[in-house]
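Structure record follows, encoded as structure tokens.
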């Protein structure tokens, strides 16, 4: 199962930070080919999971000796996207060019 576009873009943006991710501090083995997911740029592993009842799920996990930091977002109903869809419909006629990605927005709504 391929990773979502959101997962791929998150890995790309993390890779652009020019940080070292996942140095060889832990010996990794894979007894079942593909079980550990794919590896994106900058040695960032990506795992893809699809489950009924879960519309979108993204979790970014950072770890170091003695600590784990998790950033997670879940959606279980598409209705949560409607405020953003309505905002986009109202604002699209004011755009002078195509804007792809919220991080590139010049002003908040």
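Every number in this text was worked out from the coordinates using simple rules, so none of it is lab data. Worth saying up front: this structure is predicted, and the values here are computed from it rather than measured. Backbone-built Cβ (ideal geometry, glycine too); neighbour counts: all protein chains shown.
In the range 33-61, the qualifying residues are those that are loosely packed, with under 12 Cβ neighbours inside 10 Å, touching a strand residue (DSSP E or B) at 6+ places or on another chain (Cβ under 9 Å) and without any contact (Cβ under 8 Å) to a residue 40 or more places away in the chain, and the one that is nearest to residue 18 (Cα to Cα) is 61. Within the range 62-81, being within 21 Å of residue 20 (Cα to Cα) and within 14 Å of the chain's Cα centre (by Cα) holds for 62, 70, 71.
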